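The values are calculated or read from the model by the stated rules, or taken from the named source; none is laboratory data. Quick caveat: nothing in here was measured; it's all calculated off a predicted structure. Note: ideal-geometry Cβ built from the backbone for every residue, glycine included; neighbour counts use all protein chains shown.
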Amino acid sequence: MSDLISRQDAIKKFVGLNMQVYEGDTCVGTRTWLTKEEIIYAIDEIPSIEPEERTAKVECKRYIGTSTGIVGEIKVTGICENCHNAVVDRYSFCPSCGARLEWE
């Protein structure tokens, strides 16, 4: 996953930003410029625009018959470790929580 941020969010973060200047515990004024450390900190606080990809291992696999009644047809089922909902072997993603399923 790359670390993309929104330009608009970055602009909003810095436009009109005034840093308070302190002497001890007393605020003695403001300044409009930022140090390198303050810029890095401010950019790090902007959230990524890409959703985080979640993965979940499948727990408690078991074989069950299908509802079609065809003899010999089975489905592998398990439980998504993320949301604990049932999943079947054809699923790449959990239909409940959206996590990518890791089948063993």
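Among the residues making up the range 1-34, those that are more than 30 Å from the chain's Cα centre (by Cα), exposed (fewer than 10 other Cβ atoms within 10 Å of the Cβ) and of a type in the set (Val, Ile, Thr) are Thr26, Val28, Thr32.
For the range 46-77, a residue qualifies if it is more than 30 Å from Ser6 (Cβ to Cβ), in contact with an Asp or Glu (Cβ under 8 Å, 6 or more places away or on another chain) and at pLDDT below 85, and the qualifying residues are Glu59, Lys61, Gly65, Thr66, Lys75, Val76, Thr77. Evaluation of Lys36 against the conditions (1) at pLDDT 80 or above; (2) touching a Lys or Arg at 6+ places or on another chain (Cβ under 7 Å) shows that the sole unmet condition is (2). Remark: pairs (first residue in the range 7-33, assigned to a loop (DSSP other than H, G, I, E, B); second residue surrounded by 10 or more Cβ atoms within 10 Å (Cβ to Cβ) and among the hydroxyl-bearing types (Ser, Thr, Tyr); Cβ separation under 8 Å; 6+ apart in sequence or on different chains) = Asn18/Thr30.
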